[in-house]
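Colleague: Structure incoming, see below.
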Amino acid sequence: MKIVLIRPSFGSYFQITPPLSLGYLSSSLKKAGFADIELIDASLGKMSPQEVAGLINKKNPGIIGVQVYTGSQNWVKELTNVIKANKVKAPIIAGGPHVSSLEELALEYMGVNFGILGEGEESIVKFAGYIQGKNAIEEVDGLVYRQKVGWKSAKKKYGFVKDLNLVPLPDWDLLNPENYFHYMKSVSLPLKGAKPAPIITSRGCPYRCTFCCSGTISRHIIRYRSPENVIFEIKYLNQKYGVNEIFFSDDNLTLDSRRAETIFDLLTKEKLNINWRAPNGLRIDSLNEFLVGKMEKSGGYFVGLGIETGSEQMMKKIKKRVDLKKVKEKVNLLHKYKIKTSGFFMCGLPGETKKEIQKSIDFAKSVPFDRIQVCNFVPYPGSEDFDRIFKKTEQKMYQRNVLKFQQNGFVPAFQSLGLNETYKMQRKFYTNFYFRPKIIIQLIKSFKVSQLLTLLKHPFLENWLSLEEEWYDE
Ligand code: B12
Ligand code: SF4
């Protein structure tokens with residue numbers, strides 16, 4: 001039985017990294033004896049749902065599995081429509097953060113009959129077994145499925161991997177990192193290695209920041225791969241595909257600093273001549289000089305730091321628990337070991353005023369960050385903010401509001417400032433930070449011309465340049 005796994009297109013050539021989730025599903029399926037797995041990564045060619053449906057017709061699969069982020073739900077909805085119109089019989093099963101948070105509301109909207117909540121390695125194997133008549137549907141943990149009337153859920157509501165060391169490495173042959181080298185160069189600038197690949201060394205995060213929905217998959221329970229298991233994957237990627245730069249994509253790579261030290265020690269010992277970065281953001285409270293020294297020695301040279309706001313009041317509200325007084329000290333510490341930093345901030349948080357955003361801007365300028373990244377707040381399903389915004393209403397209203405959110409696409413108008421004001425403040429944030437002589441000189445020094453040209457095509461810059469026109473109705 002052929003199983004086709006699909007990663008939707010986000011309509012942009014930025015942020016394209018190999019879909020680890022589908023790689024993990026594939027290796028578990030193969031381990032269980034399902035050898036015929038194909039991947040369609042629609043983001044690589046910005047493929048439309050129609051194009052993907054055309055490929056599916058030719059492949060004649062027994063199961064179609066699709067990964068869904070909130071930003072891709074409308075793409076998936078269209079794909080399901082076309083697949084159904086083509087009278088393809090294979091069941092479509094969806095998973096990922098969007099499905100795990102909105103459950104049947106997401107599946108109903110996208111017209112999909114089966115969904116997996118939580119982690120899917122064991123569940124997809126059981127689901128494939130169910131399709132082949134080898135086991136009962138109730139055995140599939142985390143499965144939510146459509147019945148004649150309504151939806152039913154399997155006995156265990158969420159799929160959950162207890163021991164990450166027992167999960168096989170992502171199916172790198174299927175993902176083929178070589179297909180992503182070019183795109184990953186534009187994800188993170190500048191890049192030391194020409195052949196980057198992402199890996200995840202842990203899953204979950206015990207914190208509960210109000211805007212974040214990473215807990216919907218992991219239930220806030222952090223689990224770690226052993227340092228040896230991590231090094232084995234890095235060596236494999238290096239030897240088989242020539243990978244020379246690792247993107248550690250954990251939620252919290254250094255949360256357990258002892259474990260992180262062991263990973264970096266082993267990496268140094270292996271002398272693989274690999275560089276690494278942690279683009280998703282470390283917590284500053286997990287950094288100490290001993291650890292940072294080992295980070296540098298093992299090839300670490302660029303890390304994101306999740307700060308989000310420069311206002312003490314907002315910091316309390318969003319429950320991020322970053323001590324703003326310590327940020328500068330930690331950035332200086334990283335710089336002492338030649339590790340560059342990007343400060344992550346948010347704009348338009350619930351209840352945030354222009355004055356508070358200005359505090360974030362001033363704060364960002366007061367710290368010697370090399371870069372910043374400023375995201376506009378989106379109430380992602382599964383986050384506390386989403387629940388506060390949507391669930392305060394009665395059930396029927398909740399469903400109607402969620403439907404509106406889904407139809408509106410990616411960024412709904414929930415910012416307290418209004419969307420246009422929020423975008424204007426975001427632009428101000430970037431301009432105030434970057435248009436300073438020392439930052440400009442430093443950027444010119446660190447970028448290659450080809451990278452600058454890629455950067456100019458970034459969708460954010462395109463939008464920025466067209467900001468004079470009103471973007472959204474408020
Ligand atoms: C690495 C990462 C990235 C990477 C790579 C993303 C990618 N597309 O592969 C980068 C940096 C590029 C990225 C970008 C973005 N990301 Co991101 N990212 C993550 C992060 C930290 C880890 C994801 C990961 O690889 N996990 C490891 C794998 C094994 O787990 P998994 O993906 O959840 O997959 C498991 C299950 O979900 C399930 N599953 C998944 N797919 C399927 C499919 C089927 C058929 C089945 C059965 C099961 C199943 O089984 C898998 C194995 O257990 C998560 C946070 C998190 N902890 O999940 C955020 C997260 C997924 N990102 C998020 C967001 C919002 C974004 C951006 C929109 C950010 C932005 N403002 O631009 C962009 C999206 C752009 C894009 N093109 O993908 C949100 C998603 C919210 C949502 N509801 O959609 C998350 C949850 C972060 C958060 N804190 O809120 N991201
Ligand atoms: S924002 Fe970071 S620290 Fe906060 S809950 Fe999400 S992953 Fe954890």
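Colleague: Filter region 401-442 down to the residues that are more than 30 Å from GLU108 (Cα to Cα) and touching a Leu at 6+ places or on another chain (Cβ under 9 Å), then identify the one that is modelled with the lowest pLDDT. Quick ask: steps written out before the conclusion?
Modeller: From region 401-442, those more than 30 Å from GLU108 (Cα to Cα) are 417, 420-442; that's our starting set.
Next, only the ones that are touching a Leu at 6+ places or on another chain (Cβ under 9 Å) stay: 420, 423-425, 427, 434.
Numbers: ASN420: 79, TYR423: 84, LYS424: 90, MET425: 93, ARG427: 92, TYR434: 93.
Once the filter is applied, the top-ranked residue is ASN420.
Colleague: Name the residues in region 128-163 that are within 14 Å of ligand 1 (Cβ to nearest atom), assigned to a helix (DSSP H, G or I) and out of contact with any Phe, Trp or Tyr (no Cβ under 7 Å at 6 or more places or on another chain), would you?
Modeller: Result: GLY129, TYR130, ILE131.
Colleague: Kindly indicate which of LEU253, LEU191, LEU175, LEU237 is within 18 Å of the chain's Cα centre (by Cα), touching a residue at least 40 places away in the same chain (Cβ under 8 Å) and not assigned by TED's automatic domain parsing to the domain that holds LYS330. Walk me through how you get there before you give the answer.
Modeller: Numbers: LEU253 fails: not assigned by TED's automatic domain parsing to the domain that holds LYS330; LEU191 fails: within 18 Å of the chain's Cα centre (by Cα); LEU237 fails: within 18 Å of the chain's Cα centre (by Cα).
The match here is LEU175.
Colleague: If you check ALA94, ALA90, ALA53, which single one turns out to be small (Gly, Ala, Ser) and part of a strand (DSSP E or B)?
Modeller: Working: ALA90 fails: part of a strand (DSSP E or B); ALA53 fails: part of a strand (DSSP E or B).
After ruling out the rest, the residue left standing is ALA94.
Colleague: Give me the residue from region 255-282 that is over 17 Å from ILE199 (Cα atoms) and touching a Ser or Thr at 6+ places or on another chain (Cβ under 7 Å) and, out of that set, modelled with the highest pLDDT.
Modeller: THR268
Colleague: Which of the following residues is crowded, with 24+ Cβ neighbours inside 10 Å and within 12 Å of ligand 1 (Cβ to nearest atom): LEU117, LEU44, LEU39? Outline the logic, then answer.
Modeller: Values: LEU44 fails: crowded, with 24+ Cβ neighbours inside 10 Å; LEU39 fails: crowded, with 24+ Cβ neighbours inside 10 Å.
Of the residues listed, the single one that is crowded, with 24+ Cβ neighbours inside 10 Å and within 12 Å of ligand 1 (Cβ to nearest atom) is LEU117.
Colleague: For LEU29, state whether it is in a helix (DSSP H, G or I), within 20 Å of ASP173 (Cα to Cα) and under 17 Å from the mean Cα position of the chain (by Cα). Show your work before the answer.
Modeller: On the way: in a helix (DSSP H, G or I): yes; within 20 Å of ASP173 (Cα to Cα): yes; under 17 Å from the mean Cα position of the chain (by Cα): no.
Spelling it out, it is not the case that LEU29 is in a helix (DSSP H, G or I), within 20 Å of ASP173 (Cα to Cα) and under 17 Å from the mean Cα position of the chain (by Cα).
Let's see how each residue does on (1) under 18 Å from the mean Cα position of the chain (by Cα); (2) over 18 Å from PHE114 (Cβ atoms); (3) outside the structural domain of GLY118 (by TED's automatic domain parsing):
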site	(1), (2), (3)
PHE14	yes, yes, no
ASP41	yes, yes, no
GLY62	no, no, no
THR70	yes, yes, no
LEU79	no, no, no
ALA85	no, yes, no
PRO91	no, no, no
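Colleague: How many of the residues in region 369-388 are part of a loop (DSSP other than H, G, I, E, B) and either aliphatic (A, V, I, L, M) or in contact with a strand residue (DSSP E or B) (Cβ under 8 Å, 6 or more places away or on another chain) (or both)? Outline the logic, then answer.
Modeller: Of region 369-388, the ones part of a loop (DSSP other than H, G, I, E, B) are 369-370, 377-383.
Going one step further and asking which of them are either aliphatic (A, V, I, L, M) or in contact with a strand residue (DSSP E or B) (Cβ under 8 Å, 6 or more places away or on another chain) (or both), we end up with 369-370, 377-378.
Result for region 369-388: 4.
Colleague: Name the residue that is nearest to THR309 (Cα to Cα), counting only residues in region 184-230 that are near ligand 1 (Cβ under 10 Å from one of its atoms) and part of a helix (DSSP H, G or I).
Modeller: Per the criteria, the residue is GLY215.
The values are calculated or read from the model by the stated rules, or taken from the named source; none is laboratory data. Bear in mind that the values here come from a model prediction, so they are computed numbers and not experimental data. When we count neighbours, we look across all protein chains shown, and the Cβ atoms used for this are built from the backbone with ideal geometry, even at glycine.
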